[in-house]
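Engineer: Can you read through this structure? Questions will come right after.
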Amino acid sequence: MQISEFGSSRLALGAGDLWEAATRASFLDAIGDGTLPQEAFDRWLVQDYIFVRGFTSFVALTAAKAPRPEQSLVIGGLSALDEELAWFERQADERGLDLSAEPHPVCWRYMDYLIEAGYAQSFEVLLAIFYGVEVAYTVAWSRLESTGPYADFIDRWTNPAFVEYVKKLREAAESHAHPGQQEEFNRVMGHEREFWRMTWEG
Ligand code: MP5
């Protein structure tokens, strides 16, 4: 499937302008035209690693609420996160970056939101949040050609296996439709927009 098709799914359409705001970023435009300051990339890498650690807690809470057979999908996601964290650690090591830095307040707010939701929301709503986090990233990164110094990063969120995984999350969210899904999906889009702003503006 084409990544652009995610934009015509029910939850993406229901997000209105927030969809574009969450999936377009000055940070990514600057990667595209080769003008991204090193400092912005380093900030993104450290904060995204911290975010993914928080997101792992959210996915674990989702796994705890998942019925069979959806549990396989969620546990598969958890295992992919373990591999992804190791990948981030290698990337940071190569660049001499300190991953024990403090989370930026924007990153904190996003992680707090996810973990609180993990406890408070039903599995149906958690699926919409989970899908929102992943689809926002695959669509945002797919706006770039997978070449140049950041090709590894672009590939990570646009490779066919990842896109297939996001599609399965969409199908799971849609087959467990619930009236509370849209509001939380929109909240995720708002956090994505703020996260991209933070990576660019500091
Ligand atoms: C993701 C991410 C995607 N890494 N960072 C933000 C701010 N939003 C979404 O999650 P994953 O686990 O890297 O696929």
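The values are calculated or read from the model by the stated rules, or taken from the named source; none is laboratory data. As the structure is a prediction and not an experimental result, all values here were calculated from the model. For neighbour counting, all protein chains shown are included, and Cβ atoms are generated from backbone atoms with ideal geometry for every residue, glycine included.
Engineer: Looking at E94, is it more than 17 Å from G132 (Cα to Cα), out of contact with any Phe, Trp or Tyr (no Cβ under 9 Å at 6 or more places or on another chain) and assigned to a helix (DSSP H, G or I)?
Structural biologist: Criteria met by E94.
Engineer: Under 6 Å between Cβ atoms, at least 6 apart or on separate chains: pull out the pairs that start in segment 161-182 with a residue that is assigned to a helix (DSSP H, G or I) and end on any residue that is basic (K, R).
Structural biologist: As it stands, the answer is none, since no pair meets every condition given.
Engineer: Could you pull out the residue among S79, S72 that is away from the ligand (no atom under 16 Å from the Cβ), free of Cβ contacts under 8 Å to residues at least 12 places away in the same chain and either surrounded by fewer than 17 Cβ atoms within 10 Å (Cβ to Cβ) or closer than 30 Å to F41 by Cα (or both)?
Structural biologist: Testing whether each residue is away from the ligand (no atom under 16 Å from the Cβ), free of Cβ contacts under 8 Å to residues at least 12 places away in the same chain and either surrounded by fewer than 17 Cβ atoms within 10 Å (Cβ to Cβ) or closer than 30 Å to F41 by Cα (or both) leaves just S72.
Engineer: Right, here's the next one. Please verify whether D29 is within 25 Å of A128 (Cβ to Cβ), among the charged types (D, E, K, R) and part of a helix (DSSP H, G or I), treating the condition exactly as stated.
Structural biologist: No; evaluated as a whole, the condition is false for this residue.
Engineer: If we keep just the residues of segment 167-177 that are touching a helix residue (DSSP H, G or I) at 6+ places or on another chain (Cβ under 8 Å) and small (G, A, S), which is surrounded by the most Cβ atoms within 10 Å (Cβ to Cβ)?
Structural biologist: Looking at residues that are touching a helix residue (DSSP H, G or I) at 6+ places or on another chain (Cβ under 8 Å) and small (G, A, S), I get A173.
A quick yes/no check of all residues on (1) within 11 Å of the ligand (Cβ to nearest atom); (2) surrounded by fewer than 19 Cβ atoms within 10 Å (Cβ to Cβ):
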position	(1), (2)
D112	no, yes
F130	yes, no
V133	yes, no
T138	yes, no
Y165	yes, yes
P179	no, yes
M189	yes, no
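Engineer: What number of residues within segment 87-110 are without any contact (Cβ under 8 Å) to a residue 12 or more places away in the chain, within 14 Å of the ligand (Cβ to nearest atom) and under 29 Å from P160 (Cα atoms)?
Structural biologist: 0
Engineer: Which of the residues that make up segment 15-30 are surrounded by 15 or more Cβ atoms within 10 Å (Cβ to Cβ) and more than 18 Å from the chain's Cα centre (by Cα)?
Structural biologist: Scanning segment 15-30 gives a single hit, A30.
Engineer: Still on this structure, I have one more. I'd like the full set of residues that are surrounded by 17 or more Cβ atoms within 10 Å (Cβ to Cβ) and more than 11 Å from the ligand (Cβ to nearest atom), limited to segment 140-157.
Structural biologist: S142, R143, L144, Y150, I154
Engineer: Related question: Is it true that some residue in segment 52-64 is over 30 Å from G180 (Cβ atoms), surrounded by fewer than 18 Cβ atoms within 10 Å (Cβ to Cβ), of a type outside the set (S, T, N, Q) and within 16 Å of the ligand (Cβ to nearest atom)?
Structural biologist: There is no residue in segment 52-64 that is over 30 Å from G180 (Cβ atoms), surrounded by fewer than 18 Cβ atoms within 10 Å (Cβ to Cβ), of a type outside the set (S, T, N, Q) and within 16 Å of the ligand (Cβ to nearest atom).
Engineer: Residues in segment 114-128: is at least one at pLDDT 95 or above, under 25 Å from N186 (Cβ atoms) and within 14 Å of the ligand (Cβ to nearest atom)?
Structural biologist: The answer is yes, given that some residue of segment 114-128 is at pLDDT 95 or above, under 25 Å from N186 (Cβ atoms) and within 14 Å of the ligand (Cβ to nearest atom).
Engineer: Now, a different point. Being touching a residue at least 24 places away in the same chain (Cβ under 8 Å) and exposed (fewer than 14 other Cβ atoms within 10 Å of the Cβ) narrows it down to one residue among P37, P67; which is it?
Structural biologist: After applying the criteria, what remains is P67.
Engineer: Any residue that is in a loop (DSSP other than H, G, I, E, B) and either at positive phi or of a type in the set (A, V, I, L, M, F, W, C) (or both) - is there at least one of those in segment 64-82?
Structural biologist: Within segment 64-82, one or more residues are in a loop (DSSP other than H, G, I, E, B) and either at positive phi or of a type in the set (A, V, I, L, M, F, W, C) (or both).
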